[in-house]
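The numbers here are math on the coordinates, done by the rules we state, and not lab data. Since this is a predicted model, take the numbers as computed values, not measurements. Cβ: placed from backbone, ideal geometry, glycine included. Neighbour counts: every protein chain shown.
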Amino acid sequence: MNWQQNGNPHSQTFILRWPPSGFRVFPDYAYDMEGQYKLIQKMGAAGLSVPPVHWLETDASVTGAPLYIMERVAGWVPSDFPPYHIDGPLFGANDDDKASVWWSIIQALADIHTLDWHGAGLDFLGVPKDGIEFMQKQIAYYEEVFALNVEPLPEILQSTRDWLLKNALAPKHLSLCWGDARLGNVIIKDFKVAAVLDWEMACIGDPESDLGWFAHMDWATSVGRSDKPFPRMSGLPEMSETIKRYEEMTGRTVENLHYYEVFATWRMAILFTRIEQDEQYIAKSGNAKGHITWTHFEKLKSMLNL
């Protein structure tokens, strides 16, 4: 964008964010541009690594949809297509730089989880009551997501849902949760996190849910791929070491990683069933329905001994 201000020329690159115009994975209300803008603005004010946001437009009659505008942060993003495990700047980096990226992301996650979310004014995200309400609401939400398919819930997903409810525990800590904690949602500069992206699934809840998602998504982009799986990239720290370092960063003990990795696998399987409803995706990918979910179904069977 180029403009004149007080007679002086200015130039800056911005990113415009608005809801998808075509197929939507989530219910319409999930694409809350005003809520995302407010969240990112408050996180930035609290010192978290997020892109600065500048403008919000809630009147859809102006541009066709609500939107917000944020600064473009310089750097690169670990790729999903092709996965960072086989290509891209991270794959081509030396082991020290790979570790630098990894630990920088874990530090960003620790910063998110130890933020005083109440003091930062994030109560508007909804605060779970004591007990297992966090998981009850999460499971109900993803059941609502699946219901958009107008199909019966597959038996493995139903069994996992029942297991998740039966084994749910009250969180020891309520934290700001990123919701989509993975390498593909950060901007990297000089092998450090420059900005954390994609806050559509953010909530107040159990921070270990982010750890489960982070572990699962690293699996899903390597050995867990449904098509042409490959080994995890060498040079990245293992999850056992990652959890130990996270505990040191936060001063908290991780106790329920298995539970939340089951939850992450269940979540992603449900999201994949939604993606498979997108006719453009099916046509472009050449995948038949059920192709991208099968590794998740098998992982759930293995984790739950089903």
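Listed values, structure above:
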{"quantity": "Two-site FRET efficiency, Phe81 against Val127, from Cβ-Cβ distance with R₀ of 35 Å, rounded to 0.05", "calculated": "0.45"}
{"quantity": "Three-way shape label, region 71-110, alpha-carbon gyration tensor, a/c 1.5", "calculated": "oblate"}
{"quantity": "Length added when fully stretched, His54-Leu169, from 0.36 nm per residue minus Cα-Cα", "calculated": "37.5 nm"}
{"quantity": "Set of region 180-215 residues, backbone N closer than 15 Å to the point 7 Å along the Cα-Cβ line of Asp32", "calculated": "199-205"}
{"quantity": "Helix-only mean residue ellipticity at 222 nm for the chain, each DSSP H run of n ≥ 4 adding -39500 (n - 2.57), per residue, nearest 500", "calculated": "-13000 deg cm²/dmol"}
{"quantity": "Residues in region 192-232 that a label on Thr13 would reach, taking backbone N under 18 Å of a point 7 Å out along Cα→Cβ", "calculated": "192-198"}
{"quantity": "Chain lengthening between Ser234 and Ala74 when straightened (0.36 nm per residue, less Cα-Cα)", "calculated": "55.0 nm"}
{"quantity": "Mean separation of Cα contacts under 8 Å (6+ apart) over length of the chain, as relative contact order %", "calculated": "20 percent"}
{"quantity": "GNM result for the chain, Cα springs below 10 Å: residue of Ser175, Ser11, Ser61 fluctuating most strongly", "calculated": "Ser11"}
{"quantity": "Check: the chain dipole with +1 on Lys, Arg Cβ and -1 on Asp, Glu Cβ, in debye", "calculated": "260 debye"}
{"quantity": "Proximal charge balance of Tyr84 [Cβ under 12 Å; K/R count +1, D/E count -1]", "calculated": "0"}
{"quantity": "Cα shape, region 215-306, gyration tensor, a/c 1.5 rule", "calculated": "prolate"}
{"quantity": "Estimated distance in nm for a label pair at Asn149 and Ala45, the labels positioned 7 Å out from Cα along Cα-to-Cβ", "calculated": "4.1 nm"}
{"quantity": "Shape of the chain, Cα gyration tensor, a/c cut at 1.5", "calculated": "rounded"}
{"quantity": "Gain on full stretching of the segment that runs from Leu304 to Ala140 - 0.36 nm per residue minus C-alpha separation", "calculated": "57.0 nm"}
{"quantity": "Distance (nanometres) between label positions extended 7 Å along Cα→Cβ at Thr63 and Ala120", "calculated": "2.4 nm"}
{"quantity": "Exposed GluC sites (Glu not before Pro) absent - longest run of the chain, DSSP non-H/G/I/E/B, at most 14 other C-beta within 10 Å", "calculated": "1-237"}
{"quantity": "Within region 6-76, chymotrypsin sites (Phe, Trp or Tyr not before Pro) in DSSP loop having at most 12 other beta-carbon neighbours inside 10 Å", "calculated": "Phe23"}
{"quantity": "Low-density loop cleavage sites - trypsin sites (Lys or Arg not before Pro) in region 183-270, where at most 16 other Cβ are within 10 Å (DSSP)", "calculated": "Arg225, Arg232"}
{"quantity": "Most to least packed among 105-111, 146-152 [average Cβ atoms within 10 Å]", "calculated": "105-111, 146-152"}
{"quantity": "Only Lys, Arg (+1) and Asp, Glu (-1) charged, at Cβ; region 87-211 dipole about Cα centre in debye", "calculated": "180 debye"}
